[in-house]
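The next block holds one structure in the form of structure tokens; read it before the comments.
The values are calculated or read from the model by the stated rules, or taken from the named source; none is laboratory data. Just so it is clear, the structure is predicted and the values come from calculations on it, not from any experiment. Heads up, the Cβs are rebuilt from the backbone with ideal geometry, glycines too, and the neighbour counts pull from every protein chain shown.
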Amino acid sequence: MRTLTVELGERSYPIHIGTGLLGRADLLRPRLRGTQAMVVTNEVVGPLHLERLLPALEGLEVETVVLPDGEATKTLDTVAGIIDRLMAARFARDCALVALGGGVVGDITGFAAAEGDEGAVAREARGHQAVDDAGDRVQRLGG
């Protein structure tokens, strides 16, 4: 495993690059607050990788949202649906939203975290990603 650090002073964060990292709680859990996590994925990535991510979230109350694949998913209705699921599950302000997928999933999950509750934090888990395009709200873990 190789770790790069994005140096932002107090907001610095690591980017882990390697294989077999998706289910490693020691890499993901220190970045999460609270006892609840909502995993947002899509119908392509979820069936391939969700089971590998879940061990990293063991001990948390976990809910999953599976979105359709593609750019057409980037809508306010999709964001509202994620927020509705958070509310229906009675998730607290310190819950984590974990994006499992590519750009659309990361974008929509980060937007939902920002719009739904300032306390929510979005973390993105996807393979071989070394560039952070959403600031300190997203951490990528290699798959």
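Scan the range 84-107 residue by residue and report those that are of a type outside the set (Gly, Ala, Ser) and either buried (at least 16 other Cβ atoms within 10 Å of the Cβ) or touching a Leu at 6+ places or on another chain (Cβ under 6 Å) (or both). Walk me through how you get there before you give the answer.
Filtering the range 84-107 for residues of a type outside the set (Gly, Ala, Ser) gives 84-87, 90-91, 93-95, 97-98, 100, 104-105, 107.
If the condition is that a residue be of a type outside the set (Gly, Ala, Ser) and either buried (at least 16 other Cβ atoms within 10 Å of the Cβ) or touching a Leu at 6+ places or on another chain (Cβ under 6 Å) (or both), then ARG85, LEU86, PHE91, CYS95, LEU97, VAL98, LEU100, VAL104, VAL105, ASP107 are the ones that fit.
Out of the residues in the range 78-114 that are touching a residue at least 12 places away in the same chain (Cβ under 8 Å) and of a type in the set (D, E, K, R), which is farthest from ARG52 (Cα to Cα)?
Per the criteria, the residue is ARG93.
Is it true that some residue in the range 36-43 is over 15 Å from ALA113 (Cα atoms) and either in contact (Cβ under 8 Å) with a residue 60 or more places away in the chain or not in a helix (DSSP H, G or I) (or both)? Talk me through it step by step, then tell me what you get.
First, pick out the residues of the range 36-43 that are over 15 Å from ALA113 (Cα atoms): 42-43.
Next cut, either in contact (Cβ under 8 Å) with a residue 60 or more places away in the chain or not in a helix (DSSP H, G or I) (or both) only: 42-43.
Among the residues of the range 36-43, at least one is over 15 Å from ALA113 (Cα atoms) and either in contact (Cβ under 8 Å) with a residue 60 or more places away in the chain or not in a helix (DSSP H, G or I) (or both), which makes the answer yes.
Would you check which residues across the range 34-49 are touching a strand residue (DSSP E or B) at 6+ places or on another chain (Cβ under 8 Å) and surrounded by fewer than 16 Cβ atoms within 10 Å (Cβ to Cβ) and list them? Give the steps one after another, and end with the answer.
Keep residues of the range 34-49 that are touching a strand residue (DSSP E or B) at 6+ places or on another chain (Cβ under 8 Å), which gives 34-43, 45-46, 49.
The answer is THR35, GLU43.
Would you confirm, using the coordinates I've provided, whether ALA80 is within 24 Å of VAL104 (Cβ to Cβ), surrounded by fewer than 17 Cβ atoms within 10 Å (Cβ to Cβ) and of a type outside the set (Asp, Glu)?
Numbers: within 24 Å of VAL104 (Cβ to Cβ): yes; surrounded by fewer than 17 Cβ atoms within 10 Å (Cβ to Cβ): yes; of a type outside the set (Asp, Glu): yes.
Criteria met by ALA80.
Is there a residue in the range 21-35 that is closer than 14 Å to VAL105 by Cβ and of a type in the set (Asp, Glu)?
Within the range 21-35, none of the residues are closer than 14 Å to VAL105 by Cβ and of a type in the set (Asp, Glu).
Is there any pair linking a residue in the range 1-24 that is closer than 24 Å to GLY101 by Cβ and of a type in the set (D, E, K, R) to one that is assigned to a strand (DSSP E or B) and modelled with pLDDT under 90, with Cβ under 6 Å and at least six apart or on different chains, and which?
ARG2/ILE17
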